[in-house]
Amino acid sequence: MLQSRLLFSSGQNPQNVSAENLIKGIQLSSGKDMHNNKLFYEQMVNFFDNKNTRVLKDLRDTTDRMPTDYQDSHFYNMIAESFSVLKETAETKQIKFAHRNVVAKPVPVFGTFDMESLSTFLVVDDQTPAIIFSNGLLKFTQRILEIIIKEQFLRDKNMLTDQDKESFAKNFIDVMISFHLFHDAYYAIPLDLCNTDDLDSLDDSDEAANQIEAMPDCLFSREYIELHLDISDATYLWMAAHEYAHLVLDHPSSAAQTSEEIAGVDVAQIEYTWQQEYDADLLGAMFVMNSHLSYIGAYGIYAALSVLLFGCYSETAGTTSHPPMRTRIDNLLGYLQGFEFQLKHYREIDRILAPKFICYQHFIDYLGTERLEKLSLKEIQEELYQKIDLL
Ligand SMILES: [Zn+2]
């Protein structure tokens, strides 16, 4: 979605490779995918001593649903849900784009994969499309969303304390540093655990589990959990909808190509025009606002845009394939502002994230470029959680 568009090159790969095999090939050849289902499944089989537990059955069912064993099953399920909503929306709602009726396309083969770029789109054969989503982007999204939704919920309930605000700001910085410097938001300390004075205790999972109570009780309420699910569903729905919109609008057939290698697999990169990106953003938003998630849709879309903004904040001028995020956001606002009842709410996201981004920049300045390069993530987290007062 954000950086590169990849197209399997038939010139470099004489055999006709199926989309599933292509995804599997890329996943296997990466050799560093920490989140893959197969690994997790094997760990769980050992953990449960190969007894036939519910957890193992659920994992097995998920594995059967995926085209390969080598993806993140949690995110795979989320994207699978999104595509089924998209297909239904495209088939049942009469959406018009540029004065034409939108016609549904089959759901493409898709996968999740650990890579440093934010998201990738693959096409086999120019005919059978396959989309690969970056685990890095999905994880980063999950972590930033958690901060947004928790702070919003506590503020709406008049329960947001200074201590919560400080935790959220520190966690935002941690997530940004883990993602931008250590290439994986997964390394950030879980938000519910970051109030601790003893970071070493986080290495001990029993000790860490006992500390979850540091967060207010209402964040474990059904009301909060449902809000979280609704907003995150809408956010991931827009991300899938953007890619689906490229397909529906037939963009791959007119895009330029250059060759590239990803995880040892030869592919050809295709680059959409900036206008095609704007169009995919807009039609993606129209899909979300016409789906059953429309009541929370603008909030979810704006959350997704904000996540992307902070995920590529260094590329203020845009890249060859993508316009600057600010311009993409401004471009979509014209559409989103039509949903006035949601306007007030999605603007809250700026109020939550903008000050935290300033804190992040201050913290980076405080560490200094030279020290930053020498410090491990754990040392940075020690500075962040134990020495810095952000209020
Ligand atoms: Zn795109």
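Looking at Arg351, Arg328, can you tell me which residue is part of a helix (DSSP H, G or I), under 26 Å from Trp238 (Cβ atoms) and within 16 Å of the ligand (Cβ to nearest atom)? Even if it seems obvious, please write down each step before you answer.
Numbers: Arg351 fails: within 16 Å of the ligand (Cβ to nearest atom).
On inspection, the qualifying residue turns out to be Arg328.
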* Structure fact -> Reported set for segment 312-341 where residues are surrounded by 15 or more Cβ atoms within 10 Å (Cβ to Cβ), more than 22 Å from the chain's Cα centre (by Cα) and at pLDDT below 85 is Phe339
* Look through segment 56-101, keep the residues that are touching a Lys or Arg at 6+ places or on another chain (Cβ under 9 Å) and of a type in the set (D, E, K, R), and return whichever of them is surrounded by the fewest Cβ atoms within 10 Å (Cβ to Cβ). => Lys87
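Regarding segment 8-18, can at least one residue be identified that is in a helix (DSSP H, G or I), away from the ligand (no atom under 16 Å from the Cβ) and modelled with pLDDT of 70 or more?
No, because not a single residue in segment 8-18 is in a helix (DSSP H, G or I), away from the ligand (no atom under 16 Å from the Cβ) and modelled with pLDDT of 70 or more.
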* Residue, modelled with the highest pLDDT, within segment 270-300, restricted to residues that are outside any helix (DSSP H, G or I) and within 13 Å of the ligand (Cβ to nearest atom) -> Thr273
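The values are calculated or read from the model by the stated rules, or taken from the named source; none is laboratory data. Note that the coordinates shown come from a computational prediction; the quantities given were computed from them, not determined experimentally. Note: ideal-geometry Cβ built from the backbone for every residue, glycine included; neighbour counts use all protein chains shown.
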